[in-house]
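Below: one structure, written as structure tokens.
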């Protein structure tokens, strides 16, 4: 179970604890005084928002074009994966191959959740070099582009969620948010913001791990996502080349893609909104189970800087993963919202389901969710 803010203090040095307390104080002042105009102006200048007229882009008549190479790749992957599922269901592949596939899916998935998402996209915590290398390798196994490109797109998504500048805008429908955004030409607003946010994403390229993974992504992709996953079942338990290629590469790769896609689609449509009922992102248990804790999406869009991406009591494998490495000193400066911040936000804008769906804070001596 993920620690509350007061439970992560023993992971952090004194300076980090002070920063987290200042973060809470800043949050309280913002809400009491509504004094956010200056900070917003600074952020807007840094990201080029002062010159960005989203109304102009929203009024623009835009018709996306099909990117045929990308569409052919996606259709091919899914068609071959259907055959892969048939092989697994009918026991035409060795049981160890099937076990290896799903073990690889969930192990490598930590490279997305704890790595490119929470660490590199949101800077929700910091990691020492060995952990960054491990997360980069795991992320590369998933085959989901290089760290820099993925993180940059995700920052655009959070800054312009549910607008035409959102790369996978849920307002364009389930299928667009799920996979359509990969096979259609992006809206000009998306392209504009991708260019603008490069200026504020230099921290990514300052990380040598990110820089090297980006530079050598193609050979690393071939080695870690294709060659080794196919070769391991063949070498260790004599799986056939065809079966190993279909199941251990194509089917595994496609399943991993769709789990990530579900966070963009399902987790923005079906679920409750304990923290903010005015946004599309929701809390979705099934997505969280599949995506190692990434389906608690209403919470995540309210507190994107929280390394846990969910509140206490939620099933969140990725949070436990980060907590483990914090204990051994490989992860540090873990940022987390306090219970007071969470409850105040839920009281102001939640849909009233917080107390019904969340377990009580085990560190609290009283039921802090009794708002009366």
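The values are calculated or read from the model by the stated rules, or taken from the named source; none is laboratory data. All of these numbers come straight from a predicted model, not from anything done at the bench. In this analysis, Cβ positions are derived from the backbone assuming ideal geometry, glycine residues included, and neighbour counts consider all displayed protein chains.
Name the one entry in 165, 127 that is crowded, with 21+ Cβ neighbours inside 10 Å and out of contact with any strand residue (DSSP E or B) (no Cβ under 8 Å at 6 or more places or on another chain). Working first, answer last.
On the way: 127 fails: out of contact with any strand residue (DSSP E or B) (no Cβ under 8 Å at 6 or more places or on another chain).
Only one candidate qualifies: 165.
Any residue at all in region 164-171 that's assigned to a helix (DSSP H, G or I) and either over 12 Å from the mean Cα position of the chain (by Cα) or closer than 18 Å to residue 279 by Cβ (or both)?
Residues of region 164-171 assigned to a helix (DSSP H, G or I): 170-171.
Narrowing the set further to residues that are either over 12 Å from the mean Cα position of the chain (by Cα) or closer than 18 Å to residue 279 by Cβ (or both) leaves 170-171.
The answer is yes, given that some residue of region 164-171 is assigned to a helix (DSSP H, G or I) and either over 12 Å from the mean Cα position of the chain (by Cα) or closer than 18 Å to residue 279 by Cβ (or both).
Checking residue 293 against (1) part of a loop (DSSP other than H, G, I, E, B); (2) modelled with pLDDT of 95 or more; (3) buried (at least 24 other Cβ atoms within 10 Å of the Cβ); (4) under 16 Å from the mean Cα position of the chain (by Cα): exactly one of these is not met. Which one?
So residue 293 meets the others, but not (2).
Write out, first by first residue and then by second, each pair whose Cβ atoms fall under 6 Å of each other, whose residues are 6+ apart or on separate chains, and whose first residue, in region 95-110, is farther than 12 Å from residue 247 by Cβ while the second is part of a helix (DSSP H, G or I) and modelled with pLDDT of 95 or more.
108/138; 108/141; 108/142; 110/138; 110/321
Kindly provide the set of residues from region 87-98 that are surrounded by 12 or more Cβ atoms within 10 Å (Cβ to Cβ) and in a helix (DSSP H, G or I), ordered by number.
Listed by number, the residues that qualify are 87, 88, 96, 97, 98.
Would you pick out the residues in region 27-56 that are closer than 30 Å to residue 306 by Cβ and at pLDDT 55 or above? Outline the logic, then answer.
The first filter runs over region 27-56 and keeps only residues closer than 30 Å to residue 306 by Cβ, leaving 27-50, 52, 54.
Hits for region 27-56 are 48, 49, 50, 52, 54.
Any idea how many residues of region 243-270 are free of Cβ contacts under 8 Å to residues at least 40 places away in the same chain, surrounded by fewer than 20 Cβ atoms within 10 Å (Cβ to Cβ) and touching a helix residue (DSSP H, G or I) at 6+ places or on another chain (Cβ under 7 Å)?
1
Within region 186-223, count every residue that is under 20 Å from the mean Cα position of the chain (by Cα), part of a helix (DSSP H, G or I) and over 20 Å from residue 131 (Cα atoms).
5
Could you check region 172-185 and list, in sequence order, the residues that are part of a loop (DSSP other than H, G, I, E, B) and in contact (Cβ under 8 Å) with a residue 60 or more places away in the chain? Full working, then the answer.
Taking region 172-185 as the starting set, the residues that turn out to be part of a loop (DSSP other than H, G, I, E, B) are 173, 185.
If the condition is that a residue be part of a loop (DSSP other than H, G, I, E, B) and in contact (Cβ under 8 Å) with a residue 60 or more places away in the chain, then 185 is the only one that fits.
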